[in-house]
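Below is one structure, written out as structure tokens; comments come after it.
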Amino acid sequence: MCGITAISANKEALPFLLQGLEKLEYRGYDSAGITTIEGNHLFTKKAKGRLQNLKDLLKDENVLGHVGIGHTRWATHGIPSNLNSHPHTNNDETISLVHNGIIENYRELKEILILQGYQFHSETDSEVAAALLNHYYKGDPKEAIKKTVSKLKGTFALVILFEDQPDVIYSIRNVSPIVATICKEGAMLASDLTALCRFTNEYFVVPEYHILELHKDHVVL
């Protein structure tokens, strides 16, 4: 089972992302990764194998971003590898997302996008969602998300960063769980309450097919 963490806060996001992923290790995984927003660009690191491998990669990095997403992957499409690890970005690395679930029609969608000139780097169904967001994004995140999920068949929990929306995390789900909260540390979400319970015992389950925005001091549904 894959795991997701995300936070928009007034302090560095990385400690929360990593401790949340630690709490989700019991679910099993083959790789881990994070994306934060650093100034005006996305910073992504991911590693095959144990979460400690990702931590080792980040030891010499100065990760200061206050907004970020994290993921532990259990392979459904593609072998365990750095390329197949989450988060996945679009070709320009201006959109980053993590995904739980299975997109059943990803091959069909991938073939259409390849014919339109899109270049894929992984074997995953999840990168197809990033590519669709790239295709539909014209400056309005919610409109791009609506159009993207209208094309997806299957189950999904998507958590998304847009480079030009530096203070906001977007999420939407179908079947795959997402829980969210806002507390003194910031606005947070996870695929499992275990990742949040250190910070609060108040949370809500994100309803299906509703777009959630996490801002550092409030949430919008």
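The values are calculated or read from the model by the stated rules, or taken from the named source; none is laboratory data. This is a predicted model, so every value here is computed, not measured. Counting neighbours? That spans all protein chains shown, and the Cβs are built from the backbone with ideal geometry, glycine included. Ligands, DNA and RNA are excluded from the accessible area calculation, which covers all protein heavy atoms including side chains. Shrake-Rupley method; radii C 1.70, N 1.55, O 1.52, S 1.80 Å.
Consider residue 132 carefully, then state whether it is more than 24 Å from residue 11 (Cα to Cα), of a type outside the set (D, E, K, R) and in a helix (DSSP H, G or I). Please lay out each step first, then the result.
Numbers: more than 24 Å from residue 11 (Cα to Cα): yes; of a type outside the set (D, E, K, R): yes; in a helix (DSSP H, G or I): yes.
Taking the combined requirement at face value, the residue satisfies it.
Yes/no matrix, rows are residues, columns are (1) among the hydrophobic types (A, V, I, L, M, F, W, C); (2) closer than 18 Å to residue 89 by Cα:
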| site | (1), (2) |
| --- | --- |
| 134 | no, yes |
| 140 | no, yes |
| 164 | no, yes |
| 188 | yes, no |
| 191 | no, no |
| 219 | yes, no |
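Can you name the residue in segment 11-46 that is polar (S, T, N, Q) and in contact with an Asp or Glu (Cβ under 8 Å, 6 or more places away or on another chain) and is also farthest from residue 167 (Cα to Cα) among such residues?
Filtering segment 11-46 for residues polar (S, T, N, Q) gives 19, 31, 35-36, 40, 44.
Still in the running and in contact with an Asp or Glu (Cβ under 8 Å, 6 or more places away or on another chain): 40, 44.
Values: 40: 11, 44: 16 Å.
The qualifying residue farthest from residue 167 (Cα to Cα) is 44.
Evaluate segment 162-171: report whether one residue or more is part of a loop (DSSP other than H, G, I, E, B), hydrophobic (A, V, I, L, M, F, W, C) and either farther than 26 Å from residue 220 by Cβ or more than 17 Å from the chain's Cα centre (by Cα) (or both).
Initial filter on segment 162-171 (part of a loop (DSSP other than H, G, I, E, B)): 163-168.
Now narrow it down to the ones that are hydrophobic (A, V, I, L, M, F, W, C): 168.
Adding the requirement that they be either farther than 26 Å from residue 220 by Cβ or more than 17 Å from the chain's Cα centre (by Cα) (or both) leaves none.
For segment 162-171, residues part of a loop (DSSP other than H, G, I, E, B), hydrophobic (A, V, I, L, M, F, W, C) and either farther than 26 Å from residue 220 by Cβ or more than 17 Å from the chain's Cα centre (by Cα) (or both): absent.
Restricting the search to segment 2-33, which residues are open to solvent by less than 20 Å² (accessible area, probe 1.4 Å) and of a type in the set (A, V, I, L, M)?
Of everything in segment 2-33, those that are open to solvent by less than 20 Å² (accessible area, probe 1.4 Å) and of a type in the set (A, V, I, L, M) turn out to be 4, 6, 7, 9, 13, 17, 21, 24, 32.
Identify all residues within segment 36-61 that are among the charged types (D, E, K, R) and either open to solvent by 70 Å² or more (accessible area, probe 1.4 Å) or without any contact (Cβ under 8 Å) to a residue 40 or more places away in the chain (or both); write none if there are none.
Listed by number, the residues that qualify are 38, 45, 48, 50, 55, 56, 59, 60, 61.
Can you run down the residue pairs with Cβ atoms below 8 Å, 6 or more apart or on separate chains, where the first is in segment 71-90 and crowded, with 16+ Cβ neighbours inside 10 Å and the partner is outside any loop (DSSP other than H, G, I, E, B) and modelled with pLDDT under 85?
72/25; 72/27; 84/73; 85/73; 86/73
Looking at (1) at pLDDT 95 or above; (2) open to solvent by 10 Å² or more (accessible area, probe 1.4 Å); (3) not aromatic (Phe, Trp, Tyr), can you tell me which one residue 214 breaks?
With respect to (1) at pLDDT 95 or above; (2) open to solvent by 10 Å² or more (accessible area, probe 1.4 Å); (3) not aromatic (Phe, Trp, Tyr), residue 214 is out only on (2).
Looking only at segment 145-172, count how many residues are without any contact (Cβ under 8 Å) to a residue 40 or more places away in the chain and of a type in the set (Lys, Arg).
Of segment 145-172, the ones without any contact (Cβ under 8 Å) to a residue 40 or more places away in the chain are 147-148, 150, 165.
Now narrow it down to the ones that are of a type in the set (Lys, Arg): 147.
Qualifying residue count, segment 145-172: 1.
Is there any pair linking a residue in segment 129-144 that is closer than 18 Å to residue 87 by Cβ and free of Cβ contacts under 8 Å to residues at least 40 places away in the same chain to one that is of a type in the set (A, V, I, L, M) and assigned to a loop (DSSP other than H, G, I, E, B), with Cβ under 8 Å and at least six apart or on different chains, and which?
Cβ pairs passing all conditions: 132/152; 141/168.
Inspect segment 93-101 for any residue being touching a Ser or Thr at 6+ places or on another chain (Cβ under 8 Å), open to solvent by 30 Å² or more (accessible area, probe 1.4 Å) and acidic (Asp, Glu) and give the result as yes or no. Spell out the reasoning first.
First, pick out the residues of segment 93-101 that are touching a Ser or Thr at 6+ places or on another chain (Cβ under 8 Å): 93, 95-101.
Next, from what is left, pick out any that are open to solvent by 30 Å² or more (accessible area, probe 1.4 Å): 93.
With acidic (Asp, Glu) added as a condition, the list becomes 93.
Taking every residue of segment 93-101 in turn, at least one turns out to be touching a Ser or Thr at 6+ places or on another chain (Cβ under 8 Å), open to solvent by 30 Å² or more (accessible area, probe 1.4 Å) and acidic (Asp, Glu).
What number goes with the only condition from (1) closer than 16 Å to residue 95 by Cβ; (2) of a type outside the set (Gly, Ala, Ser); (3) open to solvent by less than 50 Å² (accessible area, probe 1.4 Å) that residue 207 does not pass?
In the conditions (1) closer than 16 Å to residue 95 by Cβ; (2) of a type outside the set (Gly, Ala, Ser); (3) open to solvent by less than 50 Å² (accessible area, probe 1.4 Å), residue 207 misses (1) alone.
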